[in-house]
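Heads up: the structure comes next, in structure tokens.
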């Protein structure tokens, strides 16, 4: 019951988008999207996605190999440093690059297609890097040893055994990058690149062109769905590569790079230095000016309060719905449960700008009482982040096997009392972690927040975006600093907890 | 917490039958898990439900516990019906204690809180009862520990104390020793048996381990394909199995074919005593420990030797090709493969059938 309700709530935006498309009628939608401008935009968007995917894959795989499989100097330190760009939300990254561009560019401008490619690559390659590094760390050395015994040298093993083994991880990391690039709104709008997300937003909030916005959003949704489908297929392939047999995987002997050690370290250092150095320099340059601006402290505190409040509301609602959904998915492996889990994941993968737009229409036409209230924004967070929370709940539920409830019932507790006194307390840490993740992620969310915030309310993310749009870099700096700090928390756990760079015996 | 008054002092006359299972059937999609099962457990008795995996023993245990609804038949605890077709008393009102396979201790509660889980929260005797049962299972002073600080064997002891503390009508043990290593298992088995008897507790133990059932239980119910095929004391079961399947499930056994003459079965290893009512030809089932080495016995070829420490199992072949095994109690010398020895059969055969 609760699981169905949770899924229904999460599906509101997707369903409502379909309703709007149907209302507008296919001919009108087709007329809107079959124009030279849309064609050019589609080309630009896909080129951006393709280039960022390619760049991220090259950076990510190279960095993962160097840090986990070679004797490159400083690989342990770089191993963690190279994951940290993930902590910089793309729009914050775009801001920090634009805010120091005058140091190397006479015009002082940092924008356009190639700027977007660079920024998005530098801050999304960790998706590939982390998945591949963790796959490499978990890879069984059996096949590699057999290949060596059959006469393959180091490079032959790498090419014929190691890399094919992490291909699924490469694919799923790469597809995540593609999906995030396609969904990205903040960076492309700050860097003034006309992609679908930016066009949807502009059509709606500047041009008040609702049909146009819906038409563009539906094209964007189709692209996103295509990537999701491919990503799912790649994930299925990953299972087939799972390690067979028992016994702990042995850690491989690091590959000796010889004279290549220095260039390898230089490559790792350069990527880390550029990706982390620019935001750092930018904040150093503007932060003091930003906080000493008259009235800035009060404004930051107000935005912080608004962010905390609405994110907390979103996190509480999301977790409340995630508990039945996650429990259901973990305990009952029926087709219905699996289907619900997947459906919810699909809406999670839709760009925030689509969710925001759809809920705006939903608020205006269906739930006017919610329109212009924080509740509608909290609902957007539920839709966007429910899978994060329900995955955490499902993991926690696996810590509390049904036999615990059965034992409690045999000791005289009703099933409901057993749930309250045994299952939920056991799941609490996992649920807490899920809530914290949703909370931190909601604080960073930009496009849906921009579209749905009540008039007059500003969060950390919207303040940063507004100031950056008018090139008020100093005023934006405190917000950027806070947002990076917030995002650094889960990233730190991800980078250090992935097991890829754990202590080993070498 | 409300509980039906199910404890002793029952109104029916059958005071000695703590658990009565009659004609219980239960099917899952595509499987008849329980096919008209009958079982009686007398008060204070420890009965083992023994059978290969998939025979329905766990389903029967879960049906008695109330985790599964039966399709038809009847289950009564201390004379009170708890399950019928269309009637299902929920687990929390049945007063059955459960010791699951891996203990399933509540990981967020201390040992004492685990043991006290089924006791009334404000009862004045609560603390004393927790202490009493911890002591009973040999864990006095462990009350403040968390479950993860205990070894597997200790966890199972706590699970037993937790199940016994509320004074249930029946304790169900679901392969409680299977996750432990061999030495610990023997020790815990003996302790569990002692505790259950000291408390005069009625218990049903599910196991697929023959030696466990034989060494622990007062009686054994052997299950196969959803039915109880024989219920008897361990000794009775081992030496008088109801059919060849039960005989071989409980241990090795070999057929010796022969001719029936004057109340004896004449086999290639010598005459064996048999009853009447057989045709001219019959065969008898014997256990390896009935086969002994004797220098004046029938000659046999040693085909293989498996040394187990406390004993050894010799594979033999008689002159006419009949295969046989001989269990040799611990000795300092063993025959070698390919050697010829003399053998003889002692005692009565387990089973004799015509053919």
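The values are calculated or read from the model by the stated rules, or taken from the named source; none is laboratory data. Model, not experiment: these values are computed from the prediction. Every residue, glycine among them, receives a Cβ derived from its backbone with ideal geometry; neighbour counts consider all protein chains shown.
What the table below lists for this structure:
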quantity: Any chance residue A:355 is free of Cβ contacts under 8 Å to residues at least 24 places away in the same chain and away from chain B (no Cβ under 14 Å); calculated: no
quantity: Any hit, segment A:333-348, residues being within 30 Å of residue A:481 (Cβ to Cβ) and in contact (Cβ under 8 Å) with a residue 40 or more places away in the chain; calculated: yes
quantity: Residue B:188 vs. criteria in contact with a strand residue (DSSP E or B) (Cβ under 7 Å, 6 or more places away or on another chain) and in a helix (DSSP H, G or I); calculated: no
quantity: Total residues in segment B:78-92, condition surrounded by fewer than 18 Cβ atoms within 10 Å (Cβ to Cβ) and within 8 Å of chain A (Cβ to nearest Cβ); calculated: 1
quantity: Residue B:98 vs. criteria outside any loop (DSSP other than H, G, I, E, B) and within 14 Å of another protein chain (Cβ to nearest Cβ); calculated: yes
quantity: Residue B:44 vs. criteria surrounded by fewer than 16 Cβ atoms within 10 Å (Cβ to Cβ), closer than 24 Å to residue B:217 by Cβ, touching a helix residue (DSSP H, G or I) at 6+ places or on another chain (Cβ under 9 Å) and at pLDDT 90 or above; calculated: yes
quantity: Any hit, segment A:424-432, residues being within 14 Å of chain B (Cβ to nearest Cβ), surrounded by 24 or more Cβ atoms within 10 Å (Cβ to Cβ) and not in a loop (DSSP other than H, G, I, E, B); calculated: yes
quantity: Residue check, residue B:49 farther than 22 Å from residue B:87 by Cβ and crowded, with 24+ Cβ neighbours inside 10 Å; calculated: yes
quantity: Of all residues making up segment A:272-296, the number that are surrounded by 14 or more Cβ atoms within 10 Å (Cβ to Cβ) and assigned to a loop (DSSP other than H, G, I, E, B); calculated: 1
quantity: Odd one out for residue A:369, checked against (1) more than 9 Å from chain B (Cβ to nearest Cβ); (2) not in a loop (DSSP other than H, G, I, E, B); calculated: (2)
quantity: Flag if residue B:242 is within 34 Å of the chain's Cα centre (by Cα) and not assigned by TED's automatic domain parsing to the domain that holds residue B:331; calculated: yes
quantity: One residue from A:86, A:66 being over 16 Å from residue A:122 (Cβ atoms), assigned by TED's automatic domain parsing to the domain that holds residue A:158 and in a helix (DSSP H, G or I); calculated: A:66
quantity: Members of segment B:121-169 found to be part of a helix (DSSP H, G or I), surrounded by fewer than 13 Cβ atoms within 10 Å (Cβ to Cβ) and within 13 Å of another protein chain (Cβ to nearest Cβ), listed by number; calculated: B:148
quantity: For residue A:399: the one exception among (1) modelled with pLDDT of 85 or more; (2) facing chain B (nearest Cβ under 8 Å); calculated: (1)
quantity: Matching entry among B:214, B:205, B:173 (being more than 14 Å from chain A (Cβ to nearest Cβ), at pLDDT 90 or above, buried (at least 22 other Cβ atoms within 10 Å of the Cβ) and closer than 23 Å to residue B:43 by Cα); calculated: B:205
quantity: Residue in segment A:365-388 that is surrounded by fewer than 22 Cβ atoms within 10 Å (Cβ to Cβ), in contact with a helix residue (DSSP H, G or I) (Cβ under 6 Å, 6 or more places away or on another chain) and at pLDDT 85 or above present; calculated: yes
quantity: Residue within segment A:439-448 that is surrounded by 20 or more Cβ atoms within 10 Å (Cβ to Cβ) and either within 14 Å of chain B (Cβ to nearest Cβ) or in contact with a strand residue (DSSP E or B) (Cβ under 6 Å, 6 or more places away or on another chain) (or both) present; calculated: no
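Residue-by-condition table, conditions (1) in contact with a helix residue (DSSP H, G or I) (Cβ under 8 Å, 6 or more places away or on another chain); (2) farther than 30 Å from residue A:167 by Cα; (3) at pLDDT 80 or above:
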position: A:15; (1), (2), (3): no, yes, yes
position: A:18; (1), (2), (3): no, yes, yes
position: A:21; (1), (2), (3): yes, yes, yes
position: A:37; (1), (2), (3): no, yes, yes
position: A:54; (1), (2), (3): no, no, yes
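Let's see how each residue does on (1) assigned to a strand (DSSP E or B); (2) in contact with a strand residue (DSSP E or B) (Cβ under 7 Å, 6 or more places away or on another chain):
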position: B:26; (1), (2): yes, yes
position: B:39; (1), (2): yes, yes
position: B:53; (1), (2): no, no
position: B:61; (1), (2): no, yes
position: B:64; (1), (2): no, yes
position: B:76; (1), (2): yes, yes
position: B:106; (1), (2): no, no
